[in-house]
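Notes to accompany the following structure.
The values are calculated or read from the model by the stated rules, or taken from the named source; none is laboratory data. Keep in mind that this is a model prediction, so the values were computed, not measured. Neighbour counts run over all protein chains shown; Cβ positions are idealised from the backbone, glycine included. Side chains included, ligands, DNA and RNA excluded: accessible areas come from the protein's heavy atoms. Shrake-Rupley method; radii C 1.70, N 1.55, O 1.52, S 1.80 Å.
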Amino acid sequence: MILYYIILFLFPIVVQCQNGINSSASQFEGTVILSYQHAVTLLKSNIVNKLMNVNLTHVTHSLSNLTHEFYCTVQEIHLNMQQATQANKMIIGQTNMSVDQLLESVSQLENETRETTIFMNESNNTVEKARQNVQDAKLIV
């Protein structure tokens, strides 16, 4: 019977925990990973590929343009890294809050289970005393 109550109390916690994990994973994929992917794509296409294809004969003329393009790309990469970092911090904060709430729920359920166990033990003792009183009364009669 106690096991039934324990399962009944723990089931919502397990469901809430699973929902939190799924939510955090999708948030992580949608914010942090996308920002990193975009930054890597920019780095590859706008910096590495351009450096690999620089025409050395016209480098003095295009050096100014290339430098400006690199600067703009680095700024955008920096922005993406900041967005990824902020999103990661937000997800960690939400996860910590969820963990704290789950720990509080588990603690509360442990207390309720302890109280239920004490109540059931007291009830069993009362029933046992009543049985003993009935047996004693039968012996007297």
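Residues of region 73-124 that are without any contact (Cβ under 8 Å) to a residue 12 or more places away in the chain, of a type in the set (Ser, Thr, Tyr) and either in contact with a His (Cβ under 7 Å, 6 or more places away or on another chain) or within 30 Å of Val48 (Cα to Cα) (or both): Thr85 alone. Val127 satisfies every condition listed in (1) modelled with pLDDT of 85 or more; (2) under 29 Å from Thr31 (Cα atoms); (3) of a type in the set (A, V, I, L, M, F, W, C) except (2).
Conditions tested, residue by residue: (1) over 33 Å from the mean Cα position of the chain (by Cα); (2) surrounded by 11 or more Cβ atoms within 10 Å (Cβ to Cβ); (3) at pLDDT below 80.
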site: Leu8; (1), (2), (3): no, no, yes
site: Asn22; (1), (2), (3): no, no, yes
site: Val32; (1), (2), (3): no, yes, yes
site: Ile47; (1), (2), (3): yes, yes, yes
site: Leu51; (1), (2), (3): yes, no, yes
site: Val54; (1), (2), (3): yes, yes, yes
site: Glu76; (1), (2), (3): no, yes, no
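Only a single item in (1) at pLDDT 80 or above; (2) open to solvent by 60 Å² or more (accessible area, probe 1.4 Å) is not met by Gly93, and it is number (2).
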